[in-house]
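Worksheet: one structure, shown below.
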Amino acid sequence: MHLKMRFCSPVVAFASFFALVQAPLSSQAAGEKKLEVFSWWTSGGEAAALDALFTVYKKQYPGVEIINATVAGGGGSAARPVLQTRLAGGNPPDTWQSHPGWELLGQYVEPGYCEAITELYQSDGWDKAFPKALVDLMTKDGKTYGVLAGVHRGNDLWFNKQLLEKNGITVGDTMSFDQFFAACDKLKAAGIPALGVGDSGIWASAQLFENTLLGVVGGQGWIDLFGGKMKWDDPKVKEAMKYFAKMQDYLNPDHSALSWDQAIGALIEGKVAFSSMGDWADGEFIKANKKENVDFGWVSHPGTDGSFIIVADGFTLAKGAPHKDATIAWLKSIGSKEAQEAFNPLKGSIPARTDVDKSKFDGYHQWSMKSFATNTLLPSCVHGEAAPAAFQQALNDAVTAFIVDKNVDNFANALVQAAKESESNK
Amino acid sequence: MFVDAKPFMPTANLQVSHSGRTQAQPKRKRISGERILPPLILVPSMAAIITFVYVFILITVWVSLSRWGTLRIDWRLRDPLFQAYVQMFAMPRWHADLRNVLVFTVLFLSVSIGFGLLLALLLDRRLLGYTLFRNIFLFPYALSFIVTGIAWRWIFNPETGINLLFDGLGINRWLVSIGSAPFRPGWTTDPGVLFSINDSLGHIFPAVRNLSVHLGIPIALIPVVVAASWQLTGFAMSMYIAGLATVPNELREAARIDGATEFQVYTKVVLPLLRPVTVSTAIILGHVSLKIFDLIFAMTGVGPGFATDVPGIFVFDMTFKATRYNLGAAASIVMLLLVAIVIVPYLWRNLRRN
């Protein structure tokens, strides 16, 4: 129904209408032991991971009935409209899935849809268990508004190890742009598209650009760029755009018809050699029964060694949550060691806590945990953490245009303009 | 008939014209109960239509002028007032959207009405298997646009779809053997634009030269036109079959007696009589086409370089992904105006005739 709505105001009015109808119902329900969890985790591994959170919660807080309000659709494309409608209509779920950073603080906290849970960080010892850079991404004016269930690493470059070996390419512990393009040239000469991308939902290309950008500007540059100290038409940014344009020469020709997981599938089949993707890709290799460091391998995206782009999943406490006590218990449960250890191996992410039992994780995730503990932690823009949603969309749009026209000046100007506009929208 | 058309406006208009008729009639009747009853019955639906259509249109106009650019609802007006529209018409993506929706509408209407008429005329001859073929041609219309979009996305995938057929049939082997390149189009992945008129139009309007969007036919849009026409040609055909049934046999016979050839019977007698059907079909398909969202969302998304992006997807992205509610509202108002350009003259004509 929501997809078909042509006007946004009817949505809001319908929501308010239903909010009015439901208001007496939910106040009655406040006495009952219920908890409504809103997320878009419906695909195999994600749904299993969410279920693991429910199992731990039920064990820790028996007698609460969980309402699992999931809306299917990749990356929450269908879920977000539903969530936004419910929030605007004053009928929030008790808790919902959110990335930290801008999405949480700018989108949900600023308009007053969330309640702070700062005291849980002291009472449950989370201030010592979670890295400070991570907690800062959920903190505004000294108040913290969410708890993270797990962390993905965004800046990974995956490769088909056997295909590279066949072509006489070895990958060390790190990779520079020169090494990367040398490998690409070799593969191109052998008639293999070196870089697999599946950008039918354009974000996969935006992520390739994001990783390349970080590779050029570095961790400090990243902070300056999103803090407004560095401009989007800075020579360094333009250099990254040129690298990104060069990468387009090595792409699989059908990239705009594939989704990201189909691109990983092409990598597994040996049709492409590399793919720059967050570590949710790891699950695809495991599903295909591929062995790490035998069939496939990974390295930080060129130039990004020492940086860790966070793509984290957390949960909130709604202001006016119908079942507040059960929700606080839910957040306490998510922050517990037990839940983090149960959730993350299934989701393919690493725990946000740094004090968990590492032996429960595979080789890739132990590597990622080490990187998480020692690297500079940076928010992702493509996943809504580093900049407002309006800028995130503008970046996607600018990337869509750039892939075709490869005009660096237009690309840079579009981002400068978008930064200005999203600043005025704040 | 409106199953796929999502009758937001049309139902409203049907109801309005209906009420116009009932108001005109009771004047002569003296019994007060009969006078009051029709308006009384109509009041609830009128109230609902006024609220849920016209008031909401006004709210949408207001939102498009407001500062509501994040999830915080902000009804205050913007200064300058039309900034959302100015920003939108400066976006290359919006230029591409307007180009795409116009090109799509023209191609889709010509193909589906052209083939619809052709099929109807063939069936008009009542050849063997008339009922069977009529149903076969109409079947695609029973599907939803989402199903059509996904099926045709697979067909036009350059690596796994129809291109394998060209290989399998040996067409490519033959092409290579005569020394030309194999035929492997990129279909929905091709960002190219055919018949770009930027240069020639630039002589008349120099501003066109500054557009980053090529005005022409985006190649990736052609498979979408094929899919949409495949689905709705059957609908156009059934409209024409109904229209052909109303052409009196006497007229055809009279034409034959006067010495008209069978071809002339169609071009001089039948086709002119079918003109109202063509107009109705064009209006119905036209507003489906201007508002199209689901087919393209399922089949290609925004496409390479916005080659298949349309205003409907723009509204969805800007409203719910970018949370720029004012921009999304502005785009939906422009969509409403586009549809109004098509529908209002038609309604006006109908109202005058009644």
>> Restricting to the range B:299-331, and then to whatever is hydroxyl-bearing (S, T, Y) and in a loop (DSSP other than H, G, I, E, B), can you tell me which residue is nearest to the other protein chains (Cβ to nearest Cβ)?
In response: B:T323
> Just checking, how many residues over the range A:47-62 are more than 23 Å from A:D325 (Cβ to Cβ) and surrounded by 20 or more Cβ atoms within 10 Å (Cβ to Cβ)?
Replying inline: 1
> So which residues in the range A:69-112 are among the acidic types (D, E) and either in the same structural domain as A:Q207 (by TED's automatic domain parsing) or in contact with a Ser or Thr (Cβ under 8 Å, 6 or more places away or on another chain) (or both), if there are any at all?
Replying inline: A:D94, A:E110
>> For the range A:285-314, give me each residue that is surrounded by fewer than 21 Cβ atoms within 10 Å (Cβ to Cβ) and farther than 22 Å from A:T170 by Cα.
In response: A:I286, A:K287, A:A288, A:N289
> From the list A:A257, A:A273, A:A240, A:A263, which one is under 23 Å from A:V171 (Cα atoms), touching a helix residue (DSSP H, G or I) at 6+ places or on another chain (Cβ under 8 Å) and within 13 Å of chain B (Cβ to nearest Cβ)?
Replying inline: A:A263
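Yes/no per residue for (1) surrounded by 23 or more Cβ atoms within 10 Å (Cβ to Cβ); (2) within 12 Å of chain B (Cβ to nearest Cβ); (3) in contact with a His (Cβ under 6 Å, 6 or more places away or on another chain):
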{"site": "A:L83", "(1), (2), (3)": "yes, yes, no"}
{"site": "A:L87", "(1), (2), (3)": "yes, yes, no"}
{"site": "A:N91", "(1), (2), (3)": "no, no, no"}
{"site": "A:D94", "(1), (2), (3)": "yes, no, yes"}
{"site": "A:G101", "(1), (2), (3)": "yes, no, no"}
{"site": "A:L104", "(1), (2), (3)": "yes, yes, no"}
{"site": "A:V109", "(1), (2), (3)": "yes, yes, no"}
{"site": "A:C114", "(1), (2), (3)": "yes, yes, no"}
{"site": "A:E119", "(1), (2), (3)": "no, no, no"}
> Would a scan of the range A:66-81 turn up a residue that is closer than 18 Å to A:A318 by Cα, within 11 Å of chain B (Cβ to nearest Cβ) and assigned to a loop (DSSP other than H, G, I, E, B)?
Replying inline: no
> Picking from A:E119, A:E115, A:E165, A:E110, which residue would you name as being touching a residue at least 40 places away in the same chain (Cβ under 8 Å) and charged (D, E, K, R)?
Replying inline: A:E115
>> Please determine whether any residue of the range A:156-173 is closer than 20 Å to A:L83 by Cβ, in contact with a helix residue (DSSP H, G or I) (Cβ under 6 Å, 6 or more places away or on another chain) and among the aromatic types (F, W, Y).
In response: no
>> Looking only at the range A:388-419, count every residue that is within 28 Å of A:M138 (Cα to Cα) and away from chain B (no Cβ under 11 Å) and tell me the total.
In response: 3
>> Please pick out the residue among B:I219, B:I241, B:I155 that is of a type in the set (V, I, T) and away from chain A (no Cβ under 14 Å).
In response: B:I241
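The values are calculated or read from the model by the stated rules, or taken from the named source; none is laboratory data. For clarity, every value in this text was computed on a predicted model and none was experimentally measured. Glycine gets a Cβ as well: all are built from the backbone with ideal geometry, and neighbour counts include every protein chain shown.
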